[in-house]
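Each remark here refers to the structure printed beneath this line.
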Amino acid sequence: MSGFSYGDCMLSGMTANENAGILQPFHVGYVLIPEFSMLALSSAIEPLRSVNRLLGGNHYRWSIVGTEEGPVPASNGLEIQADFDLDNAPSCDLTIIVASLELAKYDNKRLLRHIRKLRRQDKMIGAISNGALLLAAAGVLDNRRVTTHWERLETLADSFPNVIACTDLFCIDGKIFTAAGGASSMDMMLELIARREGPSVAKDVAEQFLHGELRPGHVSQRSDIGWRYGLHDKRLERVIRVMDENLSSPVTVAHLAKLAGLSQRQLERKFLAALNETPSRFYLNLRLARARERLLATTESLETVAETTGFSSQAHFSRAFKSWSGVSPKAIRKGYDGHCVG
């Protein structure tokens, strides 16, 4: 089976056993972080199983690694058995850190050392969802194009300024593989398969999972605004896009109307007709929804969350949030059970 290089990453059909001179399956190690996404893990493994089935033989193999041996809980409450811990993890061609949205309480220096060791060995390293934050913390992502789940992209960019954070579904930069999470894990693995086995094999695998057309990495994680809100007016789409890009420093409705080429009254009528909300109420809901995401996904202070979502004070934010959600920001954090998606 032929192979070719991509950047500094050799992607051959099988990997050679230098001592025996024989070809071995391409070996992927999945390092599970507690509360990982089951969907993301399955989406990253199943394409490899499908290649083996379609081509016959063991072209790929995989291992499950935990920070400790034994069961690792997923975000849905189910558990996956880790057959290896970091100290006895097998040597893999590609090691992928699988994490989900809840990393605030996770701190494992052994894992960071393990990641750095793999990088020193010039191994291929990957991350799914917020596993990219762990790679960044290990210092292996400087000057690399990487992605993570859209809820944590801002955190990645702010915390690690030397990392090139992208909104892409997945990024492959040399020997660094990152996927945003969820179904994008399959997109990244399909790209890997296409580069190793050829596009036709990747398309056959995608068809097995009713996946549809192969999605390139540069596709944005967030769905099209018109599709998301059922809009047919490009002017409203543009207004909502500007709102979404200015959550920390809200712009006035008058300015939004001017951008859309409408009077303020015309914009209000169009919002009410299409979304059953005024522009100001819709904008406030966007900001509060983002605040909720940050409350659940970060350990930022309430003051910081308020500031990054455009509120003049913590008190103003707390009142608006409780009116919107029915509970206070503190209660959201206190009652959160840690289960999440992504």
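Values quoted throughout were computed directly from the atomic coordinates according to the rules given, and no laboratory measurement underlies them. All of these numbers come straight from a predicted model, not from anything done at the bench. Here Cβ is always computed from backbone atoms with ideal geometry, including for glycine, and neighbour counts include all displayed protein chains.
So, in nm, how far is label residue 313 from label residue 167 when the simple model puts each one 7 Å beyond its Cα toward the Cβ?
Distance between label points: 3.4 nm.
Taking Cα atoms, how many degrees apart are the long axis of helix 314-325 and the longest axis of the chain, rounded to 10 and kept between 0 and 90?
Result, in degrees: 80.
Loop only by DSSP, 10 or fewer other Cβ within 10 Å of the Cβ. Give me the chymotrypsin sites (Phe, Trp or Tyr not before Pro) in region 29-126 that pass, ordered by residue number. Can you show the working numbers first?
Working: sites: 30, 36, 60, 62, 84, 106; in loops: 106.
The qualifying sites: there are none.
Restricting to DSSP loop positions (anything but H, G, I, E, B) with no more than 16 other Cβ atoms inside 10 Å of their own Cβ, which trypsin sites (Lys or Arg not before Pro) remain in region 248-342?
Details: sites: 258, 265, 269, 270, 281, 287, 290, 292, 294, 319, 322, 330, 333, 334; in loops: none.
Hits after loop and neighbour filter: nothing returned.
Quick one: helix 199-208 against the long Cα principal axis of the chain, what's the angle to the nearest 10°, folded into 0 to 90?
On a 0 to 90 degree scale, this one is about 70.
Return the label of the correct value of mean projected area of the Cα convex hull in nm², as calculated from the structure shown, out of (i) 32.0; (ii) 22.5; (iii) 19.1.
(iii)
Considering only DSSP states other than H, G, I, E and B, which GluC sites (Glu not before Pro) in region 211-280 qualify as loop sites with at most 16 other Cβ atoms within 10 Å?
Working: sites: 213, 237, 245, 268, 277; in loops: 213, 277.
Listed in order of number, the matching sites are 213, 277.
Could you list which residues have their amide H under 5 Å from that of residue 63, counting only those 5 or more apart in sequence or on another chain, with H placed in the peptide plane?
Correct list: 28, 29, 30.
Kindly identify region 4-208 as rounded, prolate or oblate by the Cα gyration tensor criterion: order the square roots of the eigenvalues as a ≥ b ≥ c, call it rounded if a/c is under 1.5, otherwise compare a/b with b/c, prolate if a/b is larger, else oblate.
On the way: a/c = 1.38, a/b = 1.31, b/c = 1.05.
Here region 4-208 falls in the rounded category.
Suppose every Lys and Arg Cβ carries +1 and every Asp and Glu Cβ carries -1, with no other charges. What dipole size does the chain come out with about its Cα centre, to the nearest 20 debye?
Numbers: 40 positive and 38 negative charges, 233 e Å.
Dipole about the Cα centre, nearest 20: 1120 debye.
For region 36-129, what class follows from the C-alpha gyration tensor (a ≥ b ≥ c being the square roots of its eigenvalues): rounded when a/c is under 1.5, otherwise prolate if a/b is larger than b/c, else oblate? Mind showing how you got there, number by number?
Details: a/c = 1.82, a/b = 1.23, b/c = 1.48.
Because a/c hits 1.5 or more and a/b fails to exceed b/c, region 36-129 counts as oblate.
Report the residues of region 112-150 in range of a label on residue 304: point 7 Å along Cα→C-beta, backbone N strictly under 20 Å from it.
Backbone N within reach: 130-139, 148-150.
Taking 7 Å along the Cα-to-C-beta vector as the label spot, tell me the residue 150-residue 323 distance in nanometres, rounded to one decimal.
2.7 nm
Compute the acute angle (0 to 90°) between the alpha-carbon long axis of helix 279-297 and the principal axis of greatest extent of the alpha-carbon atoms of the chain; round to the nearest 10°.
Helix 279-297 and the main axis of the chain meet at about 40 degrees.
Working out 0.36 nm times the residue gap between residue 332 and residue 159, then minus their Cα-Cα distance, what length gain in nm do you get to one decimal? Could the numbers behind the result be given before it?
On the way: separation 173, 0.36 × 173 = 62.28 nm, distance 2.40 nm.
Full-extension gain reported as 59.9 nm.
Say the dipole of the chain comes from +1 at the beta carbon of Lys and Arg and -1 at that of Asp and Glu; which of 253, 89, 164 then lies farthest toward its positive end?
253
Could you work out the helix-only [θ] at 222 nm for the chain, with each DSSP H run of four or more residues adding -39,500 (n - 2.57) and the total divided by the number of residues, to the nearest 500 deg cm²/dmol? Could the numbers behind the result be given before it?
Numbers: 14 runs with 150 residues, N = 342.
Rounded to the nearest 500, the figure is -13000 deg cm²/dmol.
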